[in-house]
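Let me begin by presenting the structure, written as structure tokens, before commenting on it.
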Amino acid sequence: MSSSSSPHRARLFGVLALLAAVFVSGCSTDSPPQHSERLQKAAGLKTFHVQTTKELWAKTSDQTGRDGPDLELKSTTKELDNGLVQVELTGVDLANYLRILDYMAHGGTDSKNFGKHHSAESIRMYDEIASVLDGITKRPDPKDPPPHVVVDTAYLDAKNKK
């Protein structure tokens, strides 16, 4: 009996090892290849402005009850006349915000359903900020206005009309 159980045991261990490898690899994020470079650019900025809706900022910056990197995120928020808010982030805070967005947009695991996060709001915000950062080729002059992005539905409507 021990000779016939040995191949079964070996197969069982093989299957368990395979499942463990799949599970562990499924827990990682699928960050874009340029993510590290974007973090470096963000950290090098003095300030960065995000103009968006109050709801989108709240949804993408809130860390309560969420798995993933628990990063300090300080910002100054000012209401604008057009119904949007302007969020001012330091370069380090922008890098932390990008880490949060990356986790929520590109596959941090969701412990509630064992799936990966792919939050549409976080994907949108990450992609819009990434587009601005990708366009920065040299450190902005301290006298220049801070780099900024506008993220609202009117912006999407204008993009779709082109």
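Here, each number is a calculation from the coordinates, and none is a lab measurement. Quick caveat, the model's predicted, so the values are computed rather than measured. We place every Cβ from the backbone using ideal geometry, glycine too, and count neighbours over all the protein chains shown.
Tabulated data
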read-out: Amide H partners (placed H, <5 Å) of HIS148, local residues excluded; value: HIS49
read-out: Spin-label pair GLN40/VAL150, simplified geometry with 7 Å Cα→Cβ offset, distance in nm; value: 3.2
read-out: Per-residue ³J(HN,Hα) for segment 99-106, Karplus 6.51 cos²θ - 1.76 cosθ + 1.60, θ = phi - 60°, Hz, x for Gly and Pro; value: 4, 5, 4, 4, 4, 6, 8, 10
read-out: Protection-proxy order for peptides 77-84, 97-104, each taking the mean of Cβ atoms within 10 Å per residue, highest first; value: 97-104, 77-84
